[in-house]
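Reviewing the structure listed below.
Coordinate-derived values only; no laboratory data. Since the model is a prediction, treat every value here as computed from it, not as a measurement. For neighbour counting, all protein chains shown are included, and Cβ atoms are generated from backbone atoms with ideal geometry for every residue, glycine included.
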Amino acid sequence: MAKQILNVTDLSMHFGGIRAVDQVDLDINEGEIVALIGPNGAGKTTFFNCLTGIYNPTQGDIKLYQEGKKEARLNGLKPNQVTEKGMARTFQNIRLFQKMTVLENVMIGRHCRTTSFIAGAIFRTRHNRREEREIIERSYSILEKVGLEKHVNDLASNLSYGAQRRLEIARALATDPFLLLLDEPAAGMNPQETKELDDLITKIRDDGLAILLIEHDMKLVMSISDRIFVMDYGKKIAQGTPQEIGDNPDVIKAYLGEAADA
Amino acid sequence: MISMEELKRSFKASVWFMFLTFPILVIKVNPIEKTVIWRWENMAFVGIGVFMLSILIRAFYIHRERLRSLTISKKRFGYIGDEPLVQFILREPKYLYPLAAATLLFALLFPSLFDTYQTNVMTTALMYVVLGLGLNIVVGVAGLLDLGYVAFYAVGAYSYALLNLHFDLGFWAILPMGALLAAMFGIVLGFPVLRLRGDYLAIVTLGFGEIIRLVLENWSEFSQGPSGISNIPRPGFFGMEMDLNSAIVYMYYLVVGLVIITIFVVNRLQDSRLGRAWIALREDEIACQAMGIDKTKTKLTAFALGATWAGIVGVIFAAKTTFINPASFTFLESAIILSIVVLGGMGSILGVIIGALILILLPEYLRALSEYRMLAFGAILVLMMVFRPQGIIANVRRSYQFKKSAKEGDA
Ligand SMILES: Nc1ncnc2c1ncn2[C@@H]1O[C@H](COP(=O)(O)OP(=O)(O)O)[C@@H](O)[C@H]1O
Ligand SMILES: [Mg+2]
């Protein structure tokens, strides 16, 4: 049995009367690709936002277990603190820094792992120059990994849609996460781009990261995930291996039936 | 280039405006004489004005559409040599360094080439360059619309005036203190507005600016009220006695030095870990936090560092004029400094310098224009927003060169 790294219990997020997330349990093991699926409006993005500190959940516990560190409770932490703990995310509606270059976008990801501040910026001591060089080199190698090294100096806004999605992943990787959360990374991609994304996600997993993936593309989800969680109307309605989920009548009713006409 | 359809729409807009402004602009009731005055000419003004403006805006959109389709077709043919000349020069050290050296030489020779009046005017303009560069950190780089920047300018000026009055401290001792005090004010005023953005932030900072001015005006025991503080000493130069002329020239060189330091520091800040965090904050606050940047710390450093420059220039302002009162720190000042940043180009150092020189020197030399200064400011800003939102000089991001694999970045 693999080691657990994230354990979410009884998580709820209410907006007034709306129960966007309702008592959801979820866990992720080391080096696993876990998919979170469900129809539009099921509460998947809201669940992500609770995990990453953008919302403070109404109820429930989010616990992080890391090699050699005490277990950490993430509830109520600010988004940047969650990222520092080692969970990084991408956004469903791409949120790149449009007027910065591709490289600079990734360099921002290095922010929480570096320390230069005002004096360092002005006087550029040896330490700061070395740190800056490391930021640049590291960011560049991440761009190579996601296949964007040709676009280092382009503005993020000038990238194609698929490339922007990959840049979001690169930016998240730059924060040195051990768990990567991807919110519909294949949305709007053509089959070729989806295939490349599939390879990229597998490659990231092989580097030792765990991945929590929200996705609509069933082919991608079924081929890539180790386990799948299904949400509908804020509730978790099923969990299991791709095989089990594919055969689950509830899921077919709630999700696959609707996905056919979506 | 404008179709009949567009003309019709503009006409419709102007009719609407005439109708809507009819009760306030046309009818004037005199309740004492019980007469009604019909000011039809106002209706004509409104109609013609709105019609012209509407045409102007439409022309702009057509123009922009055309530009956009132009760049797209350029890309299709793989043509990318459409970089503006200025940016090309800024990028090439071969041209940049001689140009910078020539500018510096001119700046250093300025007092011997022109008379004291001109030198004095130039000193003022350069002070605004520094103010513009300071506000540029807050507004242009970090994207926090601050309309109360003049408050920190006032803090600097009053620090010098009051500390000198009560404790007899000299200019050079107070200069760093003024900077520090302004930075502290920047943080203190920054705290309550951490959650605000855009228009809300603008309104609250505007309020803060006015509060500081009103306090200075009304708390007479502290600040000597509206009558202000006079006989503030000029900066000393190793205890040398100076006549007015050499004092002005000395002041000029002091400010030139400050401008150089400011450019150096602001340039390095923009191109650092902190500067990138500011820009990211401007671009997308949520994504910025999600990438591990502490929003609070980043915003407060922007406010503090922006305020620092205002504090420094404030001290210099008090020393230069030898007299200050709250009337020097009205919202108008904030508006001028903001106009400099917007006109020059948000985030662009060269742009802000040019913006400051234009906005401060032009009214000085076109005396006739200075009556309509505010009108001209407004018009310039509106026109800029419509036709060139990025400012005179658009900010370009630094690019890095990589050999085969990851190698050291190169400007
Ligand atoms: N900030 C919010 N305020 C109110 N309702 C919200 C908010 N965010 C999400 N919701 C609601 O929560 C539900 C789930 O949305 P979301 O998590 O985006 O779904 P999904 O990502 O699964 O498509 C929707 O009904 C949405 O309207
Ligand atoms: Mg969603």
Notebook entry, point to check: In nanometres, what is the gap between the two model label sites at B:Asn267 and A:Asn153, each 7 Å from Cα along Cα-to-Cβ?
Noted result: 1.8 nm
Checklist line | From phi via Karplus (6.51, -1.76, 1.60), per-residue ³J(HN,Hα) for the range B:120-135 in Hz, x at Gly/Pro | finding: 5, 4, 5, 4, 4, 4, 5, 4, 5, 4, 5, 4, x, 5, x, 5
Note to self: Restricting to Cα atoms and excluding each atom paired with itself, what does the Kirkwood estimate give for chain A in Å?
What the structure shows: 19.2 Å
Next item on the list: List the residues whose amide H sits under 5 Å from the amide H of A:Arg89, counting only those 5 or more places along or on another chain, with H placed 1.01 Å from N in the peptide plane.
Entry: A:Leu181
Notebook entry, point to check: Given a cut-off of under 8 Å on Cα pairs at least six residues apart, what relative contact order in percent is computed for the range A:1-132?
Noted result: 19 percent
Next item on the list: In a Gaussian network model over chain B where Cα atoms closer than 10 Å are linked, find which of B:Ala157, B:Ala280, B:Ala307 has the largest mean-square fluctuation.
Entry: B:Ala280
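So what is the relative contact order for chain B, in percent, with contacts set as C-alpha pairs under 8 Å and at least six apart?
Details: 529 pairs, mean separation 94.6, N = 411.
Once divided by the residue count of chain B, the mean separation gives 23 percent.
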Item checked: Surface/4 estimate of mean projected area, convex hull on alpha-carbon atoms of the range A:98-174, nm² -> 4.9 nm²
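Given the Cα-Cα distance of B:Ala44 and B:Phe60 and 0.36 nm per residue of separation, how much length would full extension add, in nm? Walk me through the numbers before you get to the answer.
On the way: separation 16, 0.36 × 16 = 5.76 nm, distance 2.42 nm.
Computed gain between B:Ala44 and B:Phe60 is 3.3 nm.
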Note to self: Once the convex hull of the alpha carbons of the range B:89-152 is built, what does its volume come to per residue, in cubic angstrom?
What the structure shows: 108 Å³
Checklist line | Relative contact order for the range A:98-174, counting Cα pairs under 8 Å that sit 6 or more residues apart, in percent | finding: 54 percent
Next item on the list: Find the percent of Cα-Cα distances in the protein assembly as shown that exceed 45 Å, and round it to a whole number.
Entry: 35 percent
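So between A:Thr241 and A:Ser141, what do we pick up on full extension, going 0.36 nm a residue minus the alpha carbon distance? Present the calculation step by step, with values, prior to reporting the outcome.
Values: separation 100, 0.36 × 100 = 36.00 nm, distance 3.37 nm.
Full extension of this stretch gives 32.6 nm more.
Loop only per DSSP, at most 11 neighbouring Cβ atoms within 10 Å: give me the GluC sites (Glu not before Pro) in the range A:10-118, ordered by residue number. Before the final figure, lay out the partial values.
Numbers: sites: A:Glu30, A:Glu32, A:Glu67, A:Glu71, A:Glu84, A:Glu104; in loops: A:Glu30, A:Glu32, A:Glu67, A:Glu71.
Sparse-neighbourhood loop GluC sites (Glu not before Pro): A:Glu67, A:Glu71.
Add -39500 (n - 2.57) for each DSSP H run of 4 or more in chain B, then divide by its residues: what number comes out at 222 nm, to the nearest 500 deg cm²/dmol? List each step's numbers first, then the result.
Values: 17 runs with 287 residues, N = 411.
Calculated at 222 nm, the ellipticity per residue is -23500 deg cm²/dmol.
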Next item on the list: Please work out the C-alpha center-to-center distance from the range A:65-96 to the range A:125-173 and express it in whole Å.
Entry: 21 Å
Margin query: From zero outward in steps of 5 Å, how is the percent of C-alpha pairs of the range B:126-257 spread across the bins?
Written below: 2, 9, 16, 20, 19, 14, 11, 6, 2, 1, 0
Next item on the list: Identify which of B:Arg282, B:Arg39, B:Arg367 has the largest mean-square fluctuation in a Gaussian network model of chain B, with springs joining Cα atoms closer than 10 Å.
Entry: B:Arg39
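R0 = 22 Å: FRET efficiency of B:Leu180 with B:Ser227, Cβ-based, nearest 0.05? It would help to have the intermediate numbers written out before the result.
On the way: r = 28 Å, r/R0 = 1.26.
That pair, B:Leu180 with B:Ser227, gives E of 0.20.
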Margin query: Counting pairwise Cα distances across the range B:4-69, what percent come out greater than 21 angstrom?
Written below: 42 percent
Checklist line | Under the Karplus curve 6.51 cos²θ - 1.76 cosθ + 1.60, θ = phi - 60°, whole-Hz ³J(HN,Hα) for the range A:68-79, x wherever Gly or Pro sits | finding: x, 10, 5, 5, 10, 9, 8, 3, x, 6, 6, x
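In the protein assembly as shown, what percentage of the DSSP-assigned beta bridges are antiparallel, given to the nearest 5?
Rounded to the nearest five, the antiparallel share is 60 percent.
What longest range of chain B stays clear of loop-exposed GluC sites (Glu not before Pro) (DSSP non-H/G/I/E/B, at most 13 other C-beta within 10 angstrom)? Before the final figure, lay out the partial values.
Working: sites that count: B:Glu33, B:Glu241, B:Glu371, B:Glu408.
Longest run free of exposed loop sites: B:34-240.
Work out the FRET efficiency for A:Thr58 and B:Leu196 from their Cβ-Cβ distance, taking R0 = 25 Å, and round it to the nearest 0.05. Let's see the in-between values first.
On the way: r = 26 Å, r/R0 = 1.03.
The calculated FRET efficiency here is 0.45.
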Notebook entry, point to check: If you find the alpha carbon centre of the range B:320-365 and of the range B:157-206, how far apart are they in angstrom?
Noted result: 18 Å
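Report the per residue volume, in Å³, of the convex hull enclosing the C-alpha atoms of the range A:1-156. Spell out each step's value before the answer.
On the way: hull volume 26.7 nm³, N = 156.
Dividing the Cα hull volume of the range A:1-156 by its residue count gives 171 Å³.
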Item checked: Vicinal HN-Hα couplings computed from phi for the range B:339-344 (Karplus, 6.51 cos²θ - 1.76 cosθ + 1.60; Hz; Gly/Pro x) -> 4, 4, 5, 5, 5, x
Next item on the list: Name the most mobile residue of B:Val129, B:Val138, B:Val249, meaning the one with the largest mean-square fluctuation, in a Gaussian network model of chain B with Cα contacts below 10 Å.
Entry: B:Val249
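Obtain the radius of gyration and the Kirkwood radius of the range B:309-407 from its C-alpha atoms and give Rg over Rh. Please report the intermediate quantities before stating the final value.
On the way: Rg = 17.8 Å, Rh = 15.7 Å.
Radius of gyration over Kirkwood radius for the range B:309-407 works out to 1.13.
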Item checked: Distance in nm between pseudo-label sites at A:Gln192 and A:Arg130 (7 Å out along the Cβ direction from Cα) -> 4.5 nm
Notebook entry, point to check: Contour minus end-to-end for B:Trp172 and B:Tyr95, with contour as 0.36 nm per residue of separation and end-to-end as the Cα-Cα distance?
Noted result: 24.1 nm
Checklist line | Interatomic Cα distance distribution for chain B, bins of 10 angstrom, percent | finding: 4, 17, 26, 24, 17, 9, 3, 0, 0
